[in-house]
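Structure record follows, encoded as structure tokens.
The values are calculated or read from the model by the stated rules, or taken from the named source; none is laboratory data. Predicted, not measured: the structure shown is a model, and the values here were computed from it. Virtual Cβ from ideal backbone geometry, glycine too; neighbours counted across all protein chains shown. Surface accessibility is based on the protein's heavy atoms, side chains included, excluding ligands, DNA and RNA. Shrake-Rupley method; radii C 1.70, N 1.55, O 1.52, S 1.80 Å.
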Amino acid sequence: MKISDRQNQIIKILQEEEHSQSGSALAQRFGVSRQIIVKDIGVLKAFGINIISTNRGYKIDDEGSLTYILESHHEDKDIRDELNTIVDNGGIVVDVFINHPVYGVIKKDLDIHSRSGVTNFVKNMTTSIPLKNLTEDIHYHTIKVKSEEDFERIKKALADKGYLN
């Protein structure tokens, strides 16, 4: 299982379960050590996922929205289309981030809700180099949706365009 897949599954579990989930229970569920789960939780928190640590484990405080991480890969010319595909299918693009081999995680908050937000982002980016170019076009987006169906529709649309890794 890829790290991003496990982290998405952790998010899903924490969103769906009524009670906090212990690091040990999550570790057992994924067949990894508790320390791996602690590291995953730290990474997810760094990405802006609102995970709360309690004396009984972890839970997400996310006001009714679902949060996912997508791993993406495409050329510069496809940035607008990728972002429009997400917002057109009911998603909010929370951020973009990469995992650089030397500098670690580099993240830019986006908070894009609409096509006009995409247009403003792309317009402001014209003099910059996209983060994805630092990692051979591989990058990640945290997205928020209202339902799992919205997420599946976004994933399918992006996969159909060849943008998902």
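Couple of notes before you dig in:
- Dipole-positive endmost among 79, 113, 142 within the chain (Cβ charges, Cα centre): 142
- Portion, in percent, of the accessible area of region 56-165 that falls on carbon or sulfur, probe 1.4 Å: 49 percent
- Normalised per residue, the volume of the convex hull around the Cα set of region 8-141 (Å³): 119 Å³
- FRET efficiency, residue 33 to residue 165 (Cβ-Cβ, R0 25 Å, nearest 0.05): 0.50
- When restricted to Cα atoms, region 9-68 yields an Rg and a Dmax of 10.5, 30 Å, respectively.
- Cα-based helix-to-principal-axis angle, 3-16 vs the chain, degrees rounded to 10: 70 degrees
- Per residue value of the accessible surface for region 48-165 (all protein chains in place, 1.4 Å probe), Å²: 55 Å²
- Helix axis angle, 115-124 relative to the chain longest principal axis, alpha carbon, degrees: 70 degrees
- Shape annotation for region 80-165: C-alpha extents along the principal axes are 37, 26, 21 Å, from largest to smallest.
- Dimensions of region 62-102 from C-alpha coordinates, computed as largest minus smallest value along each principal axis and given longest first, are 35, 26, 11 Å.
- Helix 34-46 axis, angle to the chain major axis (alpha carbon atoms, nearest 10°): 40 degrees
- Taking all protein chains together and a 1.4 Å probe, the residues 156, 132, 107 rank 156, 107, 132 from largest to smallest accessible area.
- Reach of residue 161 by Cα under 19 Å, taken over lysines that are not fewer than 8 positions away in the same chain: 77, 132
- Placing 127, 54, 85 in order of accessible area, with the largest value first and a 1.4 Å probe, yields 127, 54, 85.
- Cβ charges +1 (Lys, Arg) and -1 (Asp, Glu), total dipole of the chain, debye: 380 debye
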